[in-house]
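The structure under discussion is supplied below as structure tokens; questions concerning it will follow.
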Amino acid sequence: MTATAVVLERPQALSLARLPLDAPGDDDLVVDIEWSGISTGTERLLWSGRMPPFPGFGYPLVPGYESVGRVRQAGSATAVRPGQRVFVPGARCYGAVRGLFGGAASRVVVPAARVVPVDERLAERGVLLALAATAYHVSAQAGGRHPDLIVGHGVLGRLLARIAVAAGEKPVVWETHPDRRGGALGYDVIDPSDDARRDYRSICDASGAKGLLDTLIARLAPGGEVVLAGFYDEPLSFAFPPAFMREASLRIAAQWQPGDLAAVKQLAESGALSLDGLITHRVDAREADAAYRTAFGDPSCLKMVLDWRSCP
């Protein structure tokens, strides 16, 4: 069994390649991928070569952890039926080619325990469940406390704000790029220079930008926290005295957990969390190289989706 996959041979050298797939076992599914999203955080670092080293990292690799597809074949020990649409958070099924995170392919072999069946009505918007779960993890990790200031109005920032609104909150979002200030649903998006507040209880940085900590700490109420929800490829630092005076806390919200994914799936399928308006660009997977460059270089691109339905 083979699949067409996005392969990063080395930084900024991307191609489509036909790869052999591992043989599925009794606990595995074979899934024909319909759509996969391009991450402007983790995948940008892989593409640019700025990803910090970690165990198992290396090129060549298949990226992608935001995929939706239909089950073609189900192992005898699984409870999933062929024909179901499922969310796939990546796969490792390409032999010598690393799956980091392995979802950007026309077909994958994946343990059934890793996939989540999704409502047919979500269609391509199902690729957003990974980022939605990442956003949900920020408040879940804090026992349900939502940020009242969110930095960055990209997809992650919008999802953080929409989840907070669904919980009855009304956060403020900072965005420096004028073209990204539109699309707010029940919250305000402003330029940081127009905000005089210095009493935020919880500030969540969804931008991944360096050099912001001193600015954010200066906007905290006493006992407030700064939550880092982006991914940072350079060391972060801050001046100690202002943080000391506020008894500020610093929290890192890392990878989502299965419970976070289940929660946002329920919110999305019930209509409490809208995933509309977040996918701005759609490209046939055969144009993957151009799609990645647009996703990382065009400020108007919130979320780029590759359409795999015409790829073998």
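Looking at Phe244, Phe238, which is the one that is part of a loop (DSSP other than H, G, I, E, B) and of a type in the set (Phe, Trp, Tyr)?
It is Phe238.
Can you find a residue that is in a helix (DSSP H, G or I), hydroxyl-bearing (Ser, Thr, Tyr) and farther than 23 Å from Gly208 by Cβ anywhere in region 259-278?
Within region 259-278 (the criterion being in a helix (DSSP H, G or I), hydroxyl-bearing (Ser, Thr, Tyr) and farther than 23 Å from Gly208 by Cβ), the answer is yes, since at least one residue qualifies.
May I pose another question? Across region 232-254, which residue is nearest to Leu46 (Cα to Cα) among those that are open to solvent by less than 80 Å² (accessible area, probe 1.4 Å) and at pLDDT below 95?
Going through the qualifying residues, I end up with Asp233.
Restricting region 1-24 to residues that are more than 24 Å from the chain's Cα centre (by Cα) and open to solvent by 30 Å² or more (accessible area, probe 1.4 Å), which is modelled with the lowest pLDDT?
Among those residues, the one meeting the criterion is Met1.
State all residues of region 139-175 that are in a helix (DSSP H, G or I) and touching an Asp or Glu at 6+ places or on another chain (Cβ under 7 Å); if no residue qualifies, say none.
The answer is Ala140, and nothing else.
May I ask you to say which residue of Tyr292, Tyr232 is part of a helix (DSSP H, G or I) and either within 22 Å of Val155 (Cβ to Cβ) or small (Gly, Ala, Ser) (or both)?
Just a single option satisfies the conditions, and that option is Tyr292.
Given the conditions (1) modelled with pLDDT under 95; (2) over 21 Å from the mean Cα position of the chain (by Cα), which single one is not true for Leu45?
Of everything listed in (1) modelled with pLDDT under 95; (2) over 21 Å from the mean Cα position of the chain (by Cα), Leu45 misses just condition (2).
Being under 20 Å from Leu250 (Cβ atoms) and surrounded by fewer than 23 Cβ atoms within 10 Å (Cβ to Cβ) narrows it down to one residue among Ala184, Ala135, Ala140, Ala166; which is it?
When all the criteria are applied, what remains is Ala140.
Can you tell me which residue among Leu149, Leu100, Leu159 is open to solvent by less than 20 Å² (accessible area, probe 1.4 Å) and either at pLDDT below 95 or under 25 Å from Thr78 (Cβ atoms) (or both)?
Answer to the check: Leu100.
Now for a separate question. List, please: which pairs have Cβ atoms under 6 Å, are six or more places apart or on different chains, and start with a residue in region 202-221 that is at negative phi and surrounded by 22 or more Cβ atoms within 10 Å (Cβ to Cβ) and end with one that is aromatic (Phe, Trp, Tyr) and outside any loop (DSSP other than H, G, I, E, B)?
What qualifies is Leu220/Tyr200.
The values are calculated or read from the model by the stated rules, or taken from the named source; none is laboratory data. The model shown is predicted, which means the values in this text are computed figures rather than measured ones. Here the Cβ is made from the backbone with ideal geometry for all residues, glycine too, and neighbour counts use every protein chain on show. With ligands, DNA and RNA removed, areas are computed over all heavy atoms of the protein, side chains included. Shrake-Rupley method; radii C 1.70, N 1.55, O 1.52, S 1.80 Å.
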